[in-house]
Amino acid sequence: MPGSHTEPFVAAYQERYSLEPAKSVARYEYDSMMVVAEAMRRGSENGAIYASSIQKGLSVIHYYGVSGPKVFNKIMQSARPWITGFFGANGLSC
């Protein structure tokens, strides 16, 4: 089940670059920024953001992004690798 960010991201990316985002690392970059932004929103303390705030936010979010689900364990490691291939001259190979 794709996240709510998927369709708008894919449409905007295709319009801008005339490419499928699945052939680039753009989806991971987008999800990375969205995860950090969500962690800052969830972990902020009276509007102030500290490193500890981001850690707190990461511990409670369950983000389903363009590249799939992002869930972090208690030591802030992603429960699933974000990139499972390599990026070469022809794009991302899995």
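Here is a yes/no grid of residues against (1) closer than 14 Å to Thr6 by Cα; (2) in contact with a helix residue (DSSP H, G or I) (Cβ under 8 Å, 6 or more places away or on another chain); (3) at pLDDT 90 or above; (4) not polar (S, T, N, Q):
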site	(1), (2), (3), (4)
Lys23	no, no, no, yes
Arg27	yes, yes, no, yes
Asp31	yes, no, no, yes
Arg41	no, yes, yes, yes
Gly47	no, no, no, yes
Ser52	no, yes, no, no
Gln55	no, yes, no, no
Ile61	no, yes, no, yes
Pro69	yes, no, no, yes
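Pairs only if they're at least six apart or on different chains, beta carbon under 8 angstrom, first in segment 4-16 and under 16 Å from Glu29 (Cα atoms), second in a helix (DSSP H, G or I) and among the aliphatic types (A, V, I, L, M); list them, first residue then second.
His5/Met34; Tyr13/Ala26
The values are calculated or read from the model by the stated rules, or taken from the named source; none is laboratory data. These numbers come from a predicted model, not from an experiment. Note that each Cβ is placed from the backbone with ideal geometry, even for glycine, and that neighbours are counted across all protein chains shown.
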